[in-house]
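K.L.:
Please find one structure pasted underneath; my questions will follow.
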Amino acid sequence: MLSRLKYDLTMAEAARGPGGSRVDLLVVADMVQPGARVLDVGCGDGELLRLLESRGVDGRGIELSREGVNECVAKGLAVVQGRYRS
Amino acid sequence: MADISATLDLADRAREADEPHSPVVRFAANKPLHLDAGVDFAPLQIAYQTYGTLNAARSNAVLVCHALTGDQHVVNDHPVTGKPGWWETMVGPGKPIDTERYFVICPNVVGGCMGSSGPASTNPATGMPWGLDFPVITVRDMVRAQAMLLDYLGIESLFAAAGGSMGGMQVLQWAASYPHRVFAALPIAASTRHSAQNIAFHEVGRQAVMADPDWRGGRYFAEGINPRRGLAVARMGAHITYLSDAALHRKFGRRFQNRDNPTFSFDADFQVESYLRHQGITFVERFDANSYLYLTRAMDYFDLAADYDGVIAGAFRNTPTRFCVISFTSDWLFPTSESRAIVHALNAAGARVSFAEVTTDKGHDAFLLDEPELFAIVRGFLEGAAKARGL
């Protein structure tokens, strides 16, 4: 089951779904219930968080790169610059 | 000649303290401001500016909190200096704090000198300026007075509170004191407490003011004089802390001012000296020396955690407010570590918080300057919050 998921994720990495979202992120988002609270560690430019928020998930993010964080905050996402430890 | 001009701006400023070029609310004597010092201050006067239009639901108000030497004139020309407003880069039609969408309110802080009650205001009991008889005020007192203004304006809940430096302290105090009245909070280049180093810098400034023989124990108004030199020196010292070594080098380096060689005197040989002197001279035209003492004191006393057993998170427990904390890489007065402490506390309190550090060499003052990254973050944060608020 897990290896199958990993395979799907790998194959889907660069692919885009009907809504324009990365297919791998859609797969992840499908695993999260609306209303859940999610911390995305290493959230990059916030694409997954944005997808989750559009589905009613309370998403937060941590991102190391300053560019990524600033992009996320500019998208209205709750993202903090730093490492998981910090 | 110098004495005449000093008297003139003194009279102008005294007028501005009581009868400002701004709308004013004068609270009745039976509506005092309860001060942390244990004093009920009355009659309280608040001067403020507004920009944009309050919507029918009264849900689009943004409170802009000004910094130590700022005032309520955010995006209009200053009535004393004629210079443009201090946050025209951030606030206005189409700007990140968009006055076409939001109703922006900026009150002059209590203790200030531009029309809200302060040491330059007239004490009705004596008919003279309060001077040092004005009670010592705190950031929490400023915020309490602002809440009274919002009550007067019929605004139950702010869409956002935003401000840098001392303005950021007020924003944090707002979120702590009135969590249900602030939907979104934007403390920029701020901290939850004034550091020992910052208190030390302020003390140098206050001592410069008080060492000026023209200060006269704070009663200079009564004697028609102005402690210009002391206040100018205070401003020069403080101004250095608002910049950075890199920015000073970029702007001035070791370049001479209108000369090719040192004069072997104590003239302002260097551009940086000339610049600082100019900063000092222009500041005393528009600012009251006693106000400077009171407001620096208020910042020194600020320690949000002290009210919650030393735990900052206690100030934000179960807060419904969403936060966006912003710092600047070259700000050594309110360094990023201070903002991170705010973010840690907010995370511990379960708050919805964003944090970004803007890369710039312009130091603490960067929050007032043209910083596209800052604008993008503020715009995005407010847009996200507006969507959540249904604006």
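We did not get these values from a lab; they are worked out from the coordinates using the rules stated. These numbers were taken from a predicted model, which means no experiment stands behind them. Ideal geometry is used to build each Cβ from the backbone, glycine not excepted, and the neighbour counts take in all protein chains shown.
K.L.:
Once you have the Kirkwood Rh of the protein assembly as shown from its Cα pairs, apply Stokes-Einstein at 10 °C and 1.306 mPa s and quote D in µm²/s.
P.N.:
67
K.L.:
In whole Å, what are the extents of segment B:199-296 along the principal axes defined by its C-alpha atoms, from largest to smallest?
P.N.:
45, 27, 21
K.L.:
So if we plug the beta-carbon distance of B:Ile199 and B:Ser157 into 1/(1 + (r/R0)^6) with R0 = 51 Å, what FRET efficiency do we get, rounded to 0.05?
P.N.:
Calculated value: 0.90.
K.L.:
Tell me the volume per residue, in Å³, of the convex hull enclosing the alpha carbons of segment A:34-86.
P.N.:
Value for segment A:34-86: 55 Å³ per residue.
K.L.:
Can you divide the C-alpha Rg of segment B:39-191 by 2.2 N^0.38 Å and report the result to two decimal places?
P.N.:
1.02
K.L.:
Please report Rg (one decimal) and Dmax (integer) in Å for the Cα set of chain B.
P.N.:
Rg then Dmax for chain B, in Å: 20.5, 67.
K.L.:
In peptide B:352-362, how many Cβ atoms from other protein chains are near each Cβ within 10 Å, on average?
P.N.:
5
K.L.:
Compute a Gaussian network model of chain B, connecting alpha carbons closer than 10 Å, and tell me which residue from B:Gly94, B:Gly163, B:Gly127 fluctuates the most.
P.N.:
In this elastic network of chain B, the residue with the biggest mean-square fluctuation among B:Gly94, B:Gly163, B:Gly127 is B:Gly127.
K.L.:
Starting from the Cα of A:Lys75, draw a straight line to each of the lysines and keep only those under 18 Å, dropping any in the same chain fewer than 8 residues away.
P.N.:
Output for A:Lys75: B:Lys95, B:Lys387.
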